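Each remark here refers to the structure printed beneath this line.
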Amino acid sequence: MTAAATRHGLAAWLAAIGYRLLAVLLICIALSLATEVFLTWNNVLNVLRQAALLFLIASGLTLVILTAGLDLSVGANLGMAACVAASVLKATGSPALGMLTGIACGLAVGFANGLMVTALRLPPFIATYGMLWMLHGLSYYYMAGGTIYGFPPGFREIGSGYLLGIPVPVYLMFVFLGIGWAFTQRTTWGQEVYAIGANPVAARLSGIPVNRRLVLVYTVSGGMAGLAALVYLARLNSAESDIGEPLLLPAIAACLIGGASLFGGVGTISGTLVGALILTLVLNGMNLLQVNANWQPFVTGVIVLLGVGIDMWTRRRAEATA
């Protein structure tokens, strides 16, 4: 890649998420002025740890949204994977086997979603919404109202451990940020995902295996939900049937705040990371300022509307000047 192409790519990236980075900066300044606790090292690490979990879920979901699809089952998938992994961990005492089981469970659910969307021709909203309720039912039946807790210290390191003073989930966040960026921006398959979201008919006519790529992105989304389940499980040190329910809407919000379009073909993995940071910072600030937790869903909704509204406004301006 030439230096000119590199500069052009960097300029395009900054133009796409520049105002979101500015929002992160302004939120940090406002919170640092509002409370002395915000800029403490422990709170900064806490923000990064929470953003890392949200990013892991939302990164796979971003790929689905890029194809103009939607995976409403990621939260339920996370919950089911966490419950299954927890039971395997307790039964065998093997962190490796428990982790493999959790990721395999997430991948299987994602693959099933992909087949429903491609083979059965179900709309993504309907297919994944149905899967959401199926997984909730299976989780409630599987757990039977119980709780599984107390996992091996080696397993807990991936959720609550530190490496060189930095939480392990933060390292995972940057590893998968790099993988996601490389896939979407530097591989033919990643460019095909964008093409499918922009115009699936044209993509199919140009020879892109649309169905196979759709199955791929839904499977990846499921796998990332399974990975996030392990991080969340290791952090909480317990699993219940409803463990993943509160995470669906924040994951979707992170994607949309980060610039992904529900119409497909627009969005970046790095933008999703910024979206996760914005949402996490706002919720962290509300906790530090002791704002009633019941307001958090309301504020999340407002942030989503603002993020999508600003994105649509800038896109219309770009189209008008093109």
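Worth pointing out:
- Which numbered condition Gly159 misses (of (1) modelled with pLDDT of 95 or more; (2) within 29 Å of Asn46 (Cα to Cα); (3) not β-branched (Val, Ile, Thr)): (1)
- Close pairs (9 angstrom Cβ cut-off, 6 or more residues apart or separate chains): at pLDDT below 90 in region 275-291, not polar (S, T, N, Q) anywhere: Val291/Gly285; Val291/Val299
- Verdict on Gly271 being open to solvent by less than 20 Å² (accessible area, probe 1.4 Å), outside any helix (DSSP H, G or I) and more than 20 Å from Leu132 (Cα to Cα): no
- Of all the numbered requirements in (1) touching a residue at least 40 places away in the same chain (Cβ under 8 Å); (2) over 24 Å from Asn284 (Cα atoms); (3) not hydroxyl-bearing (Ser, Thr, Tyr), Gln50 misses one, and that requirement is (2).
- Subset of region 198-217 (residues that are under 22 Å from the mean Cα position of the chain (by Cα) and modelled with pLDDT of 95 or more): Arg212, Arg213, Leu214, Val215, Leu216, Val217
- Residues within region 73-131 that are assigned to a helix (DSSP H, G or I) and basic (Lys, Arg), tallied: 1
- Selected residue [open to solvent by 40 Å² or more (accessible area, probe 1.4 Å), assigned to a loop (DSSP other than H, G, I, E, B) and more than 23 Å from Tyr142 (Cβ to Cβ)] from Val44, Val37: Val37
- When we screen Gly159, Gly146, Gly154, Gly150 for residues that are small (Gly, Ala, Ser), under 18 Å from Leu89 (Cβ atoms) and under 19 Å from the mean Cα position of the chain (by Cα), the only hit is Gly159.
- Residue match in region 250-268 (condition: touching a Cys at 6+ places or on another chain (Cβ under 8 Å), touching a residue at least 12 places away in the same chain (Cβ under 8 Å) and either more than 23 Å from Phe155 (Cα to Cα) or surrounded by fewer than 21 Cβ atoms within 10 Å (Cβ to Cβ) (or both)): yes
- Hey, Arg212 in contact with a Pro (Cβ under 8 Å, 6 or more places away or on another chain) and open to solvent by 50 Å² or more (accessible area, probe 1.4 Å) or not: no
- Selected residue [farther than 15 Å from Gly223 by Cα, out of contact with any strand residue (DSSP E or B) (no Cβ under 6 Å at 6 or more places or on another chain), touching a residue at least 12 places away in the same chain (Cβ under 8 Å) and small (Gly, Ala, Ser)] from Gly79, Gly69: Gly69
- Single residue of Ala58, Ala30 found to be of a type in the set (Gly, Ala, Ser) and surrounded by fewer than 24 Cβ atoms within 10 Å (Cβ to Cβ): Ala30
- Members of region 215-247 found to be surrounded by fewer than 22 Cβ atoms within 10 Å (Cβ to Cβ) and over 17 Å from Gly197 (Cβ atoms), listed by number: Arg235, Leu236, Asn237, Ser238, Glu240, Asp242, Glu245, Pro246
- For region 280-289, the count of residues that are open to solvent by 60 Å² or more (accessible area, probe 1.4 Å), in a helix (DSSP H, G or I) and under 20 Å from Thr35 (Cβ atoms) is at least one.
- Residues of region 131-143 that are open to solvent by less than 70 Å² (accessible area, probe 1.4 Å) and within 20 Å of the chain's Cα centre (by Cα): Met131, Leu132, Leu135, His136.
Residue-by-condition table, conditions (1) in contact with a helix residue (DSSP H, G or I) (Cβ under 6 Å, 6 or more places away or on another chain); (2) within 13 Å of Ala52 (Cβ to Cβ); (3) open to solvent by less than 30 Å² (accessible area, probe 1.4 Å); (4) not acidic (Asp, Glu):
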site: Arg156; (1), (2), (3), (4): yes, no, no, yes
site: Gly159; (1), (2), (3), (4): yes, yes, yes, yes
site: Leu164; (1), (2), (3), (4): no, no, no, yes
site: Pro169; (1), (2), (3), (4): yes, yes, yes, yes
site: Phe174; (1), (2), (3), (4): no, yes, no, yes
site: Thr184; (1), (2), (3), (4): yes, no, yes, yes
site: Thr187; (1), (2), (3), (4): no, no, no, yes
site: Asn199; (1), (2), (3), (4): no, no, no, yes
site: Ile208; (1), (2), (3), (4): yes, no, yes, yes
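- Number of the condition not met by Ala293 [criteria: (1) open to solvent by 30 Å² or more (accessible area, probe 1.4 Å); (2) out of contact with any strand residue (DSSP E or B) (no Cβ under 9 Å at 6 or more places or on another chain); (3) at positive phi]: (3)
The values are calculated or read from the model by the stated rules, or taken from the named source; none is laboratory data. What you see is a predicted model; the values in this text were computed from it and never measured. Reconstructed Cβ throughout: ideal geometry from the backbone, glycine too, with neighbour counts over all protein chains shown. For accessibility, only protein heavy atoms count, side chains too; no ligands or nucleic acids. Shrake-Rupley method; radii C 1.70, N 1.55, O 1.52, S 1.80 Å.
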